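Single-structure report; data block below.
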Amino acid sequence: MAVIIMLIELEAIDWVLTIVLIGIALSLSRWQKIGLEEQLLVSAARSILQLVVAGYLLELVFSLETVWGVLGVILLMVLMGTLVTRNRVSQKLSRLVWIAGGSLLLTTGLTLSYVILLMIQPPTWYDPQYAIPLAGIIIGSAVNAATIAGERLVSSLETHRGEIETHLSLGATPSDAIALYRRQAIRAGLLPHLNQMALVGIVTLPGILTGQLLGGVTPLNAVSYQIVILLVLAFANLLATFLITAGIYRQFFTPEAQLRF
């Protein structure tokens, strides 16, 4: 016997109740003198505005179902992820925006193509129902990993300048001189996702799985998608951190293998 699951749509009163929760959070912050009132308000307003705009944009793209609309949305997400990565990693590396953009674009292109063309295989490869959500998941995870790895590497190269110059003076190549710091940066970038993989299903239910369950997908089907996404993101995060750290460390050296900064 088939079970029909109805999606419960949110109404205006649900928005009001959500705002009440934010109001309580603001009151607690003010009461305990935490000082997060302004940041909470700005973050809440910004997230609401961004999601409403994204909702209308996706509604248009889904209705048109054109390849250019889908690619445009994906490129816009890559662009925003690039700017976020660049701003959080370093402001002084002149080519970082190109390094971050290239890393995210290549990571997204390779990973999304693999999943769409070889695994899911929708009727059209640019089906917005699959291409846009999967691209968003891949880009968001890759941005987090690349940001952590990039910031860690920049900090390590600035902190351990003396050790690096010693290795260079003894004949090491720039790649060999920073190899330890690069490995540590890549591990740091992957750690949040590895923790998520270790805890999933035992301590936490990821947002993708939860969203599908709320949308009426059967638990086993939702779990299948979640397993695929977790393993795919492990590859995407590793590739993104590998690419961005490779680009960043080269920015620190001149063609004569001397440190720039």
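The values are calculated or read from the model by the stated rules, or taken from the named source; none is laboratory data. Values in this document were obtained by computation on a predicted structure and should not be read as measured data. For neighbour counting, all protein chains shown are included, and Cβ atoms are generated from backbone atoms with ideal geometry for every residue, glycine included. SASA here: full protein model, heavy atoms, side chains in, ligands and nucleic acids out. Shrake-Rupley method; radii C 1.70, N 1.55, O 1.52, S 1.80 Å.
Among the residues of the stretch 200-232, those identified as touching a helix residue (DSSP H, G or I) at 6+ places or on another chain (Cβ under 8 Å), within 14 Å of Ile138 (Cα to Cα) and not aliphatic (A, V, I, L, M) are Tyr225, Gln226.
Within the stretch 193-219, being open to solvent by 80 Å² or more (accessible area, probe 1.4 Å), in a helix (DSSP H, G or I) and under 26 Å from Leu10 (Cβ atoms) holds for Leu214, Pro219.
Total residues in the stretch 91-113 satisfying the condition of being under 15 Å from Ala246 (Cα atoms) and open to solvent by less than 20 Å² (accessible area, probe 1.4 Å): the figure is 7. Scanning the stretch 234-249 for residues that are more than 14 Å from the chain's Cα centre (by Cα) and open to solvent by 60 Å² or more (accessible area, probe 1.4 Å) returns a single hit, Phe242.
With respect to Thr85, is the statement that it is in contact with a Phe, Trp or Tyr (Cβ under 8 Å, 6 or more places away or on another chain) and within 23 Å of Leu190 (Cβ to Cβ) true?
Spelling it out, it is not the case that Thr85 is in contact with a Phe, Trp or Tyr (Cβ under 8 Å, 6 or more places away or on another chain) and within 23 Å of Leu190 (Cβ to Cβ).
Would you confirm whether any residue within the stretch 1-12 is modelled with pLDDT of 90 or more and either farther than 30 Å from Ala240 by Cα or open to solvent by 100 Å² or more (accessible area, probe 1.4 Å) (or both)? No, the stretch 1-12 has no match at all. Screening Pro122, Pro128 for residues that are free of Cβ contacts under 8 Å to residues at least 12 places away in the same chain, more than 22 Å from Gly101 (Cα to Cα) and either small (Gly, Ala, Ser) or touching a helix residue (DSSP H, G or I) at 6+ places or on another chain (Cβ under 7 Å) (or both) leaves exactly one candidate, Pro122.
From the list Leu40, Leu64, Leu49, Leu58, the lone residue that is farther than 28 Å from Glu151 by Cα and surrounded by 13 or more Cβ atoms within 10 Å (Cβ to Cβ) is Leu58.
Filtering Ala172, Ala185, Ala222 for residues that are in a loop (DSSP other than H, G, I, E, B) and surrounded by 13 or more Cβ atoms within 10 Å (Cβ to Cβ) leaves a single hit, Ala172. Scoring Leu231 on the criteria (1) in a helix (DSSP H, G or I); (2) crowded, with 16+ Cβ neighbours inside 10 Å leaves a single failure, condition (2). Filtered by the rule that a residue be open to solvent by less than 50 Å² (accessible area, probe 1.4 Å), farther than 14 Å from Gln251 by Cα and not polar (S, T, N, Q), the stretch 137-169 gives Ile137, Ile138, Ile139, Gly140, Ala142, Val143, Ala145, Ala146, Ala149, Gly162, Ile164, Leu168.
Residues that are free of Cβ contacts under 8 Å to residues at least 60 places away in the same chain and within 15 Å of the chain's Cα centre (by Cα) do not occur anywhere in the stretch 149-158.
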